[in-house]
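One structure below.
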Amino acid sequence: MDNSNLGQGKNAVIVGSGLGGLAAAVRMQAKGFQVTLIEKRHQLGGRAGVFTKDGYTFDTGPTIVTPPTVIDEVFEAADRNREDYVEMVNVSPKYRLYFSDGTHMDYGSYEDNLKEIQRISPEDVEGYQRFMAKTKPVYELGFEVFGSIPFETIWSMAKMAPAGILHQAYRSVYGRVSSFVKDERLRMALSFNPLFIGGNPFDVTSIYTLITYIEEKHGVWWVRGGTHKLVEALEKLFKELGGEVVLNSEVERIEVSKKRRVTGVSTKEGKHYDAGIVISNSDVANTYMNLIEPEFRLWNSDRRYKKAKYSMSLFMVYFGVEKKYPDMTHHSIVFGPRYKELLNDIFKHNVIPDDFSTYLHIPTKTDPQLAPEGCEAMYACTPVSNLDSKTVWEEKKDEFRDHILSTLDRNILPGLIGQGKSRTIVSLLDERDDFRQCHVLGPLNVLGIDTSLIRHSSDDKAS
Ligand SMILES: Cc1cc2nc3c(=O)[nH]c(=O)nc-3n(C[C@H](O)[C@H](O)[C@H](O)COP(=O)(O)OP(=O)(O)OC[C@H]3O[C@@H](n4cnc5c(N)ncnc54)[C@H](O)[C@@H]3O)c2cc1C
């Protein structure tokens, strides 16, 4: 069926301009709808925000793009080429993994990994080969087939059951990985990436080993100039297509008629937008609990979302450094001394322990212009318990920040302390409110990421 002009003459509203909202806006506008994209913040992009300070440019959130094809598809939906709007760079190695025993591994392509595993744990080479061979069909089924199916009913989910049993979906990612490789460092290397989507590798189904295969097949990409360049590219495309953007405006209500049909939205400033279709990019719990009257959402009660399981939060430290670290890579994972126990503390015990693992991002490795000459821009992104932990971050945050920076200084960034020219700590306070994050327990135990931490605190510190 040709549905290229499906929306001719119809109004649609998108609530929120994260990457999801922007992609929906482009797709809808390309289908002929007249789309209004309403964003409550001062900039588009949601968690993919950006800020500059003292000549350093920091992406606030996502930095790792995989697979890039999902981005290309958005541009293709509007008959455009992504390359004409934004450049993407394949990053190699994908990550450098630092272990607490002082060793490290450059995690890259399959062939590169074989060499690295031969170096650090030769007896696991064969297990890694078997693991990757087993992960391929999981990817093909879980990502290419089931990845595009909406699991709206129990019956649609039931279809997955036989495949799930075949691929041992009942095991955790860590459990599955451990059945192939013995060295604990490799088990960490091959199991940590569910953390990127807010899942505990010891709990989430082993179907998520498909992320390892996605990274192998498609690579790990970086948007030239920073992720916000992708946001700008989508904004440009959306406006070219005739879409309208409204900033600094918070949708307060999705309006529904007595016939249970959406009629539009109203904002806190008292404006009304007519729309036959409303897409909410605001987190699902916020959408149901705060934007839609209870009488129109029997299945999506407040109780359901209050009971839902939150994933972790991220503690962010953005810092500029007035020196170069030529030996560092763009993406590093710095593991603390504990793995399972640390994740238990984060996900189950809701405490902030003394140790941590962090993702260190150094975009100036690929794009030196993101910092003044001779300097590096960095962020450390550290999983912590979510806001249910009741941690008083206002009291804890400076100490925790200094702990992270001094550990990095001691272990992998010698001379860091004293170099922090531009240091911004992001407070976890108010963040939930700022981004309206959600927490969803989906059919595959997918945890909606609970990382809406990007509110630049007013106490930016220079040291
Ligand atoms: C520090 C960090 C690092 C990350 N790293 C990666 C990574 O490397 N790779 C990766 O793939 N993912 C990463 N993620 C996850 C990724 O950022 C998110 O999954 C993604 O950006 C979410 O996009 P979204 O469109 O779903 O929602 P959001 O980005 O949350 O956007 C929702 C938007 O809706 C707006 N909004 C909410 N309510 C209203 C309202 N009532 N009215 C108007 N506007 C409203 C919000 O202001 C926001 O702009 C990271 C996340 C964080 C926080």
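The numbers here are math on the coordinates, done by the rules we state, and not lab data. Since we're looking at a predicted model, the values are computed, not measured. Positions of Cβ are backbone-derived with ideal geometry, glycine not excepted, and every protein chain shown enters the neighbour counts.
Just to check I understand the Karplus step: with θ = phi - 60° and J = 6.51 cos²θ - 1.76 cosθ + 1.60, what whole-Hz values come out for the range 383-395, glycine and proline as x?
Listing the rounded values in order: x, 9, 4, 6, 5, 5, 5, 6, 4, 8, 5, 4, 7 Hz.
Tell me the label-point distance for the pair residue 144, residue 252, using the 7 Å Cα-to-Cβ offset, in nm and rounded to one decimal.
Calculated label separation equals 5.0 nm.
Hey, what do the phi angles of the range 42-55 turn into as Karplus ³J(HN,Hα) couplings, whole Hz, using 6.51/-1.76/1.60 and θ = phi - 60°, x for Gly and Pro?
7, 9, 7, x, x, 5, 7, x, 8, 8, 10, 7, 6, x
Return the subset of 309/397; 115/340; 134/340; 348/390; 31/217 for which the Cα-Cα distance in this structure is over 20 Å, preserving the input order.
From the list (309/397; 115/340; 134/340; 348/390; 31/217), the Cα-Cα distance tops 20 Å for 309/397; 115/340; 134/340; 31/217.
Can you compute the modelled spin-label distance between residue 410 and residue 239, with each label point 7 Å from Cα toward Cβ, in nm?
4.9
Restricting the calculation to Cα positions, tell me the Rg (one decimal) and the Dmax (whole number) of the range 160-256 in Å.
That works out to 20.0, 56 Å for Rg and Dmax.
How many nm is it between the label spots at residue 403 and residue 269, if each spot is 7 Å from the Cα in line with the beta carbon?
4.2
What are the residues whose amide H is under 5 Å from the amide H of residue 300, where those residues sit 5 or more places off or on another chain and H is modelled from the backbone?
The list, which skips near neighbours in sequence, is empty: none.
Scan around residue 45 for amide H atoms under 5 Å from its own, H built in the peptide plane at 1.01 Å from N, and keep only partners 5 or more places away or cross-chain.
17, 18
Compute the convex hull volume of the Cα atoms of the range 308-435, divide it by the residue count, and report the result per residue in Å³ as a whole number.
120
Could you tally the net charge around residue 296, taking each other residue with its Cβ under 12 Å from the Cβ of residue 296, Lys/Arg +1 and Asp/Glu -1?
Cβ neighbours under 12 Å give a net charge of +3.
In the neighborhood of residue 135, defined by Cβ-to-Cβ distances under 11 Å, what is the net charge if each Lys or Arg adds +1 and each Asp or Glu adds -1?
+2
Let's test the formula: R0 of 25 Å, r as the Cβ-Cβ distance of residue 136 and residue 184. What FRET efficiency results, to the nearest 0.05?
0.50
Please work out the C-alpha center-to-center distance from the range 173-227 to the range 306-344 and express it in whole Å.
Here the answer is 15 Å between Cα centres.
If amide hydrogens are placed 1.01 Å from N in the peptide plane, which non-local residues have theirs closer than 5 Å to the one on residue 10?
Those lying under 5 Å, H to H, from residue 10 are 34.
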